[in-house]
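As structure tokens, the structure follows; a few thoughts come after it.
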Amino acid sequence: MVVNFSVQNFGSIKHRQTLSFEADKSTHMEEYYILKPLGELRLLKLGLIYGANASGKTTILNALEFLRTMVLAPLPKKNDGLNFNPFLFDTETPHENSKLAIDFIQNGARYAYAVEFKKSAVVREELNFYKPNKASVYKRTTDLDKQLTEIKFGSKIRIDKTFEKTLESNTLWNNTVLGGFLKTNIELPEIKEATDWFKDYLNATILPQTNLVSLITSRLHGNDIPKKAMLNILAKADLNISDILIREEEKLIPKDVFEELVVPYLSSNWGLGDLDKARKITAYDIEFEHTVEGKKYTLPFESESEGTKKYFGFAGLLNLLINKSVAFPVDELESSLHPDLYLHFLLMFLANAKQSQIIATTHNRELLNNKDLFRNDAIWFTDKSKTGATELYSLADFDTATIRDTTNVLNAYKTGKLGGMPNLGDMYIDVEHEA
């Protein structure tokens, strides 16, 4: 589970900003919002980030996705550059290192991971764990002139010197140690716990354009998601769906697309091999069965409304969140969903999930109009400073002079008292007419 996540000098973020899932002392909706994974630690299931367009909401999720990619998909060549931009609205920050740090819970232990990097290399990195006191797993530095990695393990870590040198060799200067470990055939339980967390718990960010339907359909077809549970969730959304029919087909990638995009990739990364086999992909055709006045009708997936298609994906997502231990970052959670369905999705998640978290950006303000449905520490805002840098803060950060128990939070947000709103001009446009 995510405890907190910090970002510095990344995209629109200049100074260190921290998104925390540690709950405050409030007991409001405790049974719905709070996870208790370790001792007295109380973590939130949900973090919603509000803010104007271009205020940096998505940058938080991009930074989290970037960190996940650094761990799970290390660059294959040492002359490959890391694909990110530091804060560019400044003369100094483009030449300074960027920093990401995350604390998380994995199998009853707390881990703290931090990495410092520039476009060409990972400069410093460290992993600590608490059992119960803080102890070092490793500290990594990079000789930027020689482009070599050096790893020093903590006193509680037992590792053969040969394995240590092998791991150093496999950790290129632009890779993380965690990424190097995934390329190395050695046993290190503490590092494995960390890489497993990134692989199994923290999922890739879901964007508005993400093909969530394909992911959910394949898992549904493979029984990773029980159909009965899916139908139950869809029934509660009043979509009038009584069955899901899936047919698996093997299709060929169009020849021009295959030759232009796939063949060059295979040639440079894996070798050409059996091209006929590589051109075949597995596809799924979906139909929904609707029962109307006792009669059953089937409708192709393509003929369903955009809202139904979207919620099919979210129903599968909800199933994973309820039945597994996972975190899903979601950009624009409300996209294509009716406001009532949006709230219904969140309430279903809060009421039923026991080990999962959602980190989401949103523009849906209706939730803020009902204090019975949200906790202040679960609501976050992004705003731009005068220098154009993103500032991240929680509703719980405001004192009673701004937010009281009787305050209408939606009105406070709409009137600009909480920030995170666009500073718009008037409706008139100056147009120069030719003489």
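The values are calculated or read from the model by the stated rules, or taken from the named source; none is laboratory data. What you see is a predicted model; the values in this text were computed from it and never measured. Don't worry about glycine lacking a Cβ; one is built from the backbone with ideal geometry, like all the others, and counts go over all protein chains shown. Accessible surface is based on the protein model in full, side chains and every heavy atom, while ligands, DNA and RNA are left aside. Shrake-Rupley method; radii C 1.70, N 1.55, O 1.52, S 1.80 Å.
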Worksheet item: How do the strands (runs of 3 or more DSSP E) wholly within segment 333-419 filter down when requiring 2 or more residues that are touching a Pro at 6+ places or on another chain (Cβ under 6 Å) and farther than 22 Å from Ile60 by Cα: which remain?
Response: none
Worksheet item: Are there any pairs, at least 6 apart or on different chains, whose C-beta atoms fall under 7 Å, with the first in segment 230-252 and under 16 Å from Lys310 (Cβ atoms) and the second open to solvent by 60 Å² or more (accessible area, probe 1.4 Å) and part of a helix (DSSP H, G or I), and if so, which?
Response: Ile244/Lys227
Worksheet entry | So Lys118, is it over 28 Å from Ala396 (Cα atoms), more than 18 Å from the chain's Cα centre (by Cα), basic (Lys, Arg) and open to solvent by 10 Å² or more (accessible area, probe 1.4 Å) | yes
Discussion item. Criterion first (touching a Pro at 6+ places or on another chain (Cβ under 7 Å) and either under 30 Å from Gly313 (Cα atoms) or open to solvent by 80 Å² or more (accessible area, probe 1.4 Å) (or both)) does Thr210 satisfy it?
Written reply: no
Worksheet item: Taking segment 302-326 only, how many residues are open to solvent by less than 30 Å² (accessible area, probe 1.4 Å), closer than 14 Å to Leu215 by Cβ, part of a helix (DSSP H, G or I) and in contact (Cβ under 8 Å) with a residue 40 or more places away in the chain?
Response: 9
Worksheet item: Which of (1) among the polar types (S, T, N, Q); (2) at pLDDT below 90; (3) open to solvent by 10 Å² or more (accessible area, probe 1.4 Å) does Thr217 not meet, given it meets every other one?
Response: (3)
Discussion item. Condition (residue is closer than 17 Å to Val2 by Cα, open to solvent by 20 Å² or more (accessible area, probe 1.4 Å) and either at pLDDT below 90 or of a type outside the set (D, E, K, R) (or both)) applied to segment 328-346: is it met by at least one residue?
Written reply: no
Worksheet item: Any idea which residue in segment 15-52 is nearest to Val3 (Cα to Cα), counting only those that are acidic (Asp, Glu) and open to solvent by 70 Å² or more (accessible area, probe 1.4 Å)?
Response: Glu22
Discussion item. I'm told Phe87 meets every condition in (1) closer than 30 Å to Thr387 by Cβ; (2) touching an Asp or Glu at 6+ places or on another chain (Cβ under 7 Å); (3) in contact (Cβ under 8 Å) with a residue 40 or more places away in the chain except one. Can you identify the failing condition by its number?
Written reply: (2)
Practice prompt. Kindly list the number of the only condition in (1) surrounded by 14 or more Cβ atoms within 10 Å (Cβ to Cβ); (2) farther than 30 Å from Phe349 by Cα; (3) not hydroxyl-bearing (Ser, Thr, Tyr) that fails for Leu202.
Written response: (2)
Worksheet, complete the sentence: Selection from segment 53-93 of residues assigned to a loop (DSSP other than H, G, I, E, B) and surrounded by 20 or more Cβ atoms within 10 Å (Cβ to Cβ) yields Ser55, Gly56, Pro74, Pro86, Phe87
Worksheet item: Residues Glu249, Glu259: which one is at pLDDT below 85 and touching a strand residue (DSSP E or B) at 6+ places or on another chain (Cβ under 7 Å)?
Response: Glu249
Discussion item. Among the residues of segment 1-51, what is the count of those that are outside any strand (DSSP E or B), touching a residue at least 60 places away in the same chain (Cβ under 8 Å) and of a type in the set (Ser, Thr, Tyr)?
Written reply: 4
Worksheet item: Is it the case that Thr195 is surrounded by 15 or more Cβ atoms within 10 Å (Cβ to Cβ), outside any loop (DSSP other than H, G, I, E, B) and within 22 Å of the chain's Cα centre (by Cα)?
Response: yes
Practice prompt. Only residues that are open to solvent by less than 80 Å² (accessible area, probe 1.4 Å) and without any contact (Cβ under 8 Å) to a residue 24 or more places away in the chain: list them for segment 161-182, please.
Written response: Glu164, Thr166, Leu167, Glu168, Asn170, Phe181
